[in-house]
Amino acid sequence: MSIGGIGTFGYPAAGFYQTRRETKSAARADSAGQIHETLQRSEMSGGAFELHISNDEDGEVVGAMCGRDHSITVYKPKDFDPANPVYKAKVWDKDGNVTERMVDVSEVDPRDSDYIDMFAYTSYLSASGDCPSAETSFWQSSANQHGSTDRSYEDLFCRTDWVGALADAMQTQYQAGNIEGYLEYKPFWDFLTH
């Protein structure tokens, strides 16, 4: 499981996942002792959130992230078929309401998709090994565009050209003289553009 490359690329994790000492994990168990959901409660500058990490029903967690008023978890379903790669994405708003979506990752268009589909797609690319840096590069480049704590729940549903966002992030690194940061994005860029 990846939590989106927390603290990678030499950037502080504060914008993506800032926990305080009050952080707690909670799990629900049935009478047989099986854990049904694990979630993490924490604080960000925008307020409290719950990052839903795992449960018995949805499958293996391949990606999870949270923002100031939302949480997203991407699952590889138990009946996953590599010939028909469909992942399950669940999005929670600040009130705990959940939206579920099945994402056919082979149909995601990186030049015109919303954050949820692109997060599922990059989680797939990283988990499958097709492009191990995809999820982290996506997080970093989308933060460059919106600012890590500025993305709202509503922003998750807006269609975006993520290839353009990645190009902007790479250009920002290059102009800042951070060649290492620029090169961190390169494998994902090459994957998307070739």
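The values are calculated or read from the model by the stated rules, or taken from the named source; none is laboratory data. Note that the structure is a prediction, hence the values are computed from the model and not measured. Here the Cβ positions follow ideal geometry from the backbone for every residue, glycine too, while neighbour counts run over all protein chains shown. Side chains included, ligands, DNA and RNA excluded: accessible areas come from the protein's heavy atoms. Shrake-Rupley method; radii C 1.70, N 1.55, O 1.52, S 1.80 Å.
Descriptive notes on the structure:
- Residues of segment 84-125 classified as basic (Lys, Arg) and over 19 Å from Glu60 (Cβ atoms), total: 2
- Any hit, segment 47-66, residues being at pLDDT 90 or above, open to solvent by 50 Å² or more (accessible area, probe 1.4 Å) and either on the phi < 0 side of the Ramachandran plot or not in a strand (DSSP E or B) (or both): yes
- The set of residues in segment 92-127 that are in contact with a His (Cβ under 9 Å, 6 or more places away or on another chain) and surrounded by fewer than 17 Cβ atoms within 10 Å (Cβ to Cβ) comprises Asp93, Val98.
- Within segment 72-86, restricting attention to residues that are in a loop (DSSP other than H, G, I, E, B) and open to solvent by less than 30 Å² (accessible area, probe 1.4 Å), the residue that is nearest to Tyr115 (Cα to Cα) is Pro85.
- Selection status of Gly177, small (Gly, Ala, Ser), over 25 Å from Gly96 (Cβ atoms) and assigned to a helix (DSSP H, G or I): no
- Test: residue in segment 129-143 that is without any contact (Cβ under 8 Å) to a residue 40 or more places away in the chain, hydrophobic (A, V, I, L, M, F, W, C) and not in a strand (DSSP E or B): no
- Ala89 vs. criteria of a type in the set (A, V, I, L, M), more than 15 Å from the chain's Cα centre (by Cα) and open to solvent by less than 10 Å² (accessible area, probe 1.4 Å): no
- Unique match (being at pLDDT 95 or above and more than 15 Å from Val62 (Cβ to Cβ)) among Asp150, Asp161: Asp161
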